Structure formats: C-alpha cells, structure tokens
Amino acid sequence: MDSVAQLTPETQQRVQELRRLLQQASYDYYVLDAPTIEDSVYDQLYRELQTIEANYPELITPDSPTQRVGERPASHFTSVKHNIPLYSLENAFGNADLATWEQRWRKVAPDVTEFEYVCELKIDGNALALTYENGVLVRGATRGDGTTGEEITQNVRAIRSVPLRLNLDNPPPVVEVRGEAFLSLDSFEQINRDREKAGESLFANPRNAAAGTLRQLDAKIVAQRRLDFFAYTLHVPGELESQWQALELLREMGFRVNPEREKCADLQAVQDYCDRWSVDRTQLRYMTDGVVIKLNSFALQTRLGFTQKFPRWAIALKYPAEEAPTILENISVN
Ligand SMILES: NC(=O)c1cnc(OC2CCCC2)nc1N
C-alpha cells in the first residue's frame, strides 16, 4: 500500500528510537517496578509511534510496543503440545518430609557430597510456557496437563512484564521459558471492586482471578487486569550449569524473577528459609502457597532425573492452606 508521504530515513530512525524509549520505559515500570518517565510522556511517545505506524504499516514489527494488545478477540483457544513438558512438583508438608526427600535423592546419588539448594517462593498463580524464536515471543500457552495446554499467545502478549523480545544480542533459534502468571493483591482487589460495581460475581482469590483472566478471549480485558509474571525456568541451548545461573540469565533477558530467591547450603538453611517466609509472606503484595526447593546443579538434576510423576531434584514445601483466607481477609475490599 502506498503511504501518504514517502518514508524517509529520518522517519525510520524515529520509529527505532521511539520503540527503544518505550520498551525501556515499559521494562523500568513493569519489570523493575522503577518508573523512569512520566505516564504523560510515555503516552505522548506511544501516540507518536502509533501515528507513524498508521501511516507506514510496513514498519510495524511484532515486538513493537503498539502490538501488545490484539484488536480482535479470539473466537476460541487451540490445544498445543509443549516442546518440553511442564513437570508437577512433589509436595512436602514439613521438615520431616524435606528430610525424607533429601535422603531419597541422596540414595540415588550416594557419591554426591557437594551440593546446594535454591529456594524460590512458590507463587500461587498459573504456570505458563513461553516460546521465543530468534528472541521474539511466538507462543504462550497454559500448563494444561503438563504435556498439552491452550495456546493463549494474544493474552500473554498483554502481560506487560513478559518481554515481546528477549534482551539478547544473539538470541538462540529457540528459547523456552516457564513461569507463573499472577495477579498482585492490588490488581485482584481492583478487579473485584470493578466486578462488584458491574454486579458480577467476585473472584474467590487472586489465582482464580488470574486463571479467569488468562481464559478471556478478548486480550483487551487481559490488558486492563494487569496480570504479572515471574519467570523460573529457562531451557536454552548451550552450557547452563545451574538453576541460579538460569534465574540470573532470565533477569538479563528482561523477565521479572522473584527477588526472594536464595541459595541454601544445606537442608537446615532450607528449613530456616521456609520458616521465615511462612510468616513474612503475609507482608507480600502477591499470594504464595509454599516454597519450591531445587538442587542447584543442572548436572545433578540430569543425573537424578524423574520418578513416574515428579522430578527427583525438586520439591514444594506447602504452607497450610487455611492461612490464605487470613491473608485475603487482611485486604480491604471496600
Ligand atoms: N509456582 C512457582 O513459583 C514455581 C513452580 N514451579 C517451579 O519449578 C518447576 C520446574 C521444576 C519443577 C517445577 N518453580 C517455581 N518457583
């Protein structure tokens, strides 16, 4: 289609500059939680980019900030097979279960004397599988049964803390990322206030509200509800050596990675971490339902492998469920 005016190099340069400015501002705001420009400035730059792209549609790229929210609602979701399955976690309900787990994996690798754990808060949301090709987000899918999920790419693109392009100079052909889509307590409260005003039923908790949002056929509704995302698994070709390194690389790529993660030298340190966060989590602005404990070394993870159902190298310490309503009760709904 002929554009109204001839596309000049200056216009092309301005588009690149606008994209860079808007992507950096969005990263600072949604991933670092540290805004760097005023909303009014962001909106002005965004409108300028929209105008140029409207005049020169050939300039539009899938990772342009203007392409986050699809215009047309989807009619349905298709099923997709995950390139790499999403594993379930064995549950532990106390220190005795953790000690049993350690004894079990050490029986499989009795010669291993040097090891360390990584503890990650267990975000109480919905697991997502993200696929990036040459650094660009090409697919987002729900966990489903771990092997097959629903393709919800349009909705995942509307999660502003999910990068549309990885912050890598030479991105590999395929990168698989797993993480948890969740709603902050503030977003959850706002959604229920809006629903109450509209006379709609309220969501029982942030996890249900996030699940309901991810199943929306209209990505514009997803964008309004401010879903968030913590990444916790990275599959990338090459020599990643540990979970800790994977989390650092996920951060460099542009993802939010939960800041409360810690390396633990032994099970005592793991138990201390779990005890501390069973109390401190009530002060967080997002719901957690436990701690995920992983052996840090990927070589050891590979060696330990999986039982019929679970990885041998990870376990979830679950906090007693009844505490969740207490935390929600702390929220002022009015
Ligand atoms: N909800 C979470 O925060 C969470 C879930 N899962 C995992 O790890 C997967 C990958 C290896 C076994 C399960 N880590 C987490 N932090």
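Do any strands (runs of 3 or more DSSP E) lying entirely in segment 65-150 carry at least 1 residues that are within 19 Å of VAL291 (Cα to Cα), and which ones are they? Quick ask: steps written out before the conclusion?
Working: elements: 79-81, 117-123, 126-133, 136-142, 148-150.
Here the list reads 117-123, 126-133.
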What is the residue count in segment 185-237 for residues that are open to solvent by 30 Å² or more (accessible area, probe 1.4 Å) and more than 27 Å from GLU71 (Cα to Cα)?
7
Of the conditions (1) within 13 Å of the ligand (Cβ to nearest atom); (2) farther than 23 Å from GLU189 by Cα; (3) open to solvent by 10 Å² or more (accessible area, probe 1.4 Å), the single one that LEU240 does not satisfy is (1)
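Limited to segment 259-298, what total is found for residues that are of a type in the set (Asp, Glu) and under 18 Å from ASP33 (Cβ atoms)?
At the first step, the residues of segment 259-298 found to be of a type in the set (Asp, Glu) are 260, 262, 266, 272, 275, 280, 289.
Right, trim to under 18 Å from ASP33 (Cβ atoms) and you get 260.
Number of matching residues: 1.
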Cβ-Cβ under 8 Å, sequence separation 6+ or interchain: first residue in segment 137-160 and free of Cβ contacts under 8 Å to residues at least 24 places away in the same chain, partner part of a loop (DSSP other than H, G, I, E, B). Which pairs?
GLY140/ILE152; GLY140/VAL162
So how many residues does segment 105-114 have that are away from the ligand (no atom under 16 Å from the Cβ), surrounded by 10 or more Cβ atoms within 10 Å (Cβ to Cβ) and under 21 Å from GLN308 (Cβ atoms)?
3
Can you list residue pairs whose Cβ atoms sit under 6 Å apart, with the first residue in segment 294-323 being open to solvent by 50 Å² or more (accessible area, probe 1.4 Å) and the second being within 14 Å of the ligand (Cβ to nearest atom) and in a helix (DSSP H, G or I)? Count only pairs 6 or more apart in sequence or on different chains.
ARG312/TRP105; ARG312/LEU304
Specify the residue that is farthest from the ligand (Cβ to nearest atom); the eligible residues are those in segment 73-97 that are loosely packed, with under 14 Cβ neighbours inside 10 Å and under 18 Å from the mean Cα position of the chain (by Cα).
ASN83
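The values are calculated or read from the model by the stated rules, or taken from the named source; none is laboratory data. Small disclaimer: the values here were computed from a predicted structure and weren't measured. No Cβ is skipped: glycine too gets one built from the backbone with ideal geometry, and neighbour counts run over all protein chains shown. Heads up: the accessible areas ignore ligands, DNA and RNA and are worked out on the full protein's heavy atoms, side chains in. Shrake-Rupley method; radii C 1.70, N 1.55, O 1.52, S 1.80 Å.
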